[in-house]
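Let me begin by presenting the structure, written as structure tokens, before commenting on it.
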């Protein structure tokens, strides 16, 4: 499927502009181009431009920098969308290593890296590793945010999904209920995620009764 005319024109303009920018100013433009390609599901093109931004960031700031970590994280997300879990994990791990070094363990960006790694391992069906990483992300988020965060709810939901796969239905319900309670409080009853958690609880209860 071809990109529509407006998007193509915008991409062409950005690609032309970036050639006249300094390295530092070009970073945000490469990021815009990569984000557009990601939104349009052109994942290989997105990775290409994220990598251009990554190389410039490394050249400008060195390896241990928040911008470098963010580009690795963005690349990991695109590989996850491509279902290329090995490359997704590889890039998320690089992002995590940098974030731990410069931000420490107790930081939201570090927690996000643990969470993203957990999602990748969950998609890969490595449930033991996914459980461990989601638990680590949850621990950090709780220290920073308490239970007033949608990130905490997502961690509980991922742990619940792992428990469900392992037929640990009571534990799955327990964690989905925690996710539901937080989502309901922060986002309201009508939010799609709140409804998703509620429906998961209902579905598992039906499974247990059958």
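The values are calculated or read from the model by the stated rules, or taken from the named source; none is laboratory data. Please read these numbers as outputs of a predicted model, since none were measured by experiment. Cβ coordinates were reconstructed from backbone atoms using ideal geometry, including for glycine residues, and neighbour counts include every protein chain displayed.
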Considering segment 66-84, residues that are more than 13 Å from the chain's Cα centre (by Cα) and closer than 12 Å to residue 120 by Cβ, and then whichever is surrounded by the fewest Cβ atoms within 10 Å (Cβ to Cβ), we arrive at 83
Determine if segment 110-133 includes at least one residue that is touching a residue at least 12 places away in the same chain (Cβ under 8 Å), closer than 24 Å to residue 23 by Cβ and part of a helix (DSSP H, G or I). no
Test: residue 54 is over 26 Å from residue 158 (Cα atoms) and at pLDDT 95 or above: yes
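Each row is one residue, and each column tells you yes or no for (1) within 21 Å of residue 114 (Cα to Cα); (2) surrounded by 15 or more Cβ atoms within 10 Å (Cβ to Cβ).
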| position | (1), (2) |
| --- | --- |
| 151 | yes, yes |
| 179 | yes, yes |
| 185 | no, no |
| 204 | no, yes |
Checking the condition outside any helix (DSSP H, G or I), more than 19 Å from the chain's Cα centre (by Cα) and free of Cβ contacts under 8 Å to residues at least 24 places away in the same chain, which residue from 190, 184 passes? 190
Taking the options 122, 103, name whichever one is touching a helix residue (DSSP H, G or I) at 6+ places or on another chain (Cβ under 6 Å) and buried (at least 21 other Cβ atoms within 10 Å of the Cβ). 122
Residue count, segment 14-38, condition surrounded by 14 or more Cβ atoms within 10 Å (Cβ to Cβ) and closer than 21 Å to residue 62 by Cβ, comes to 4
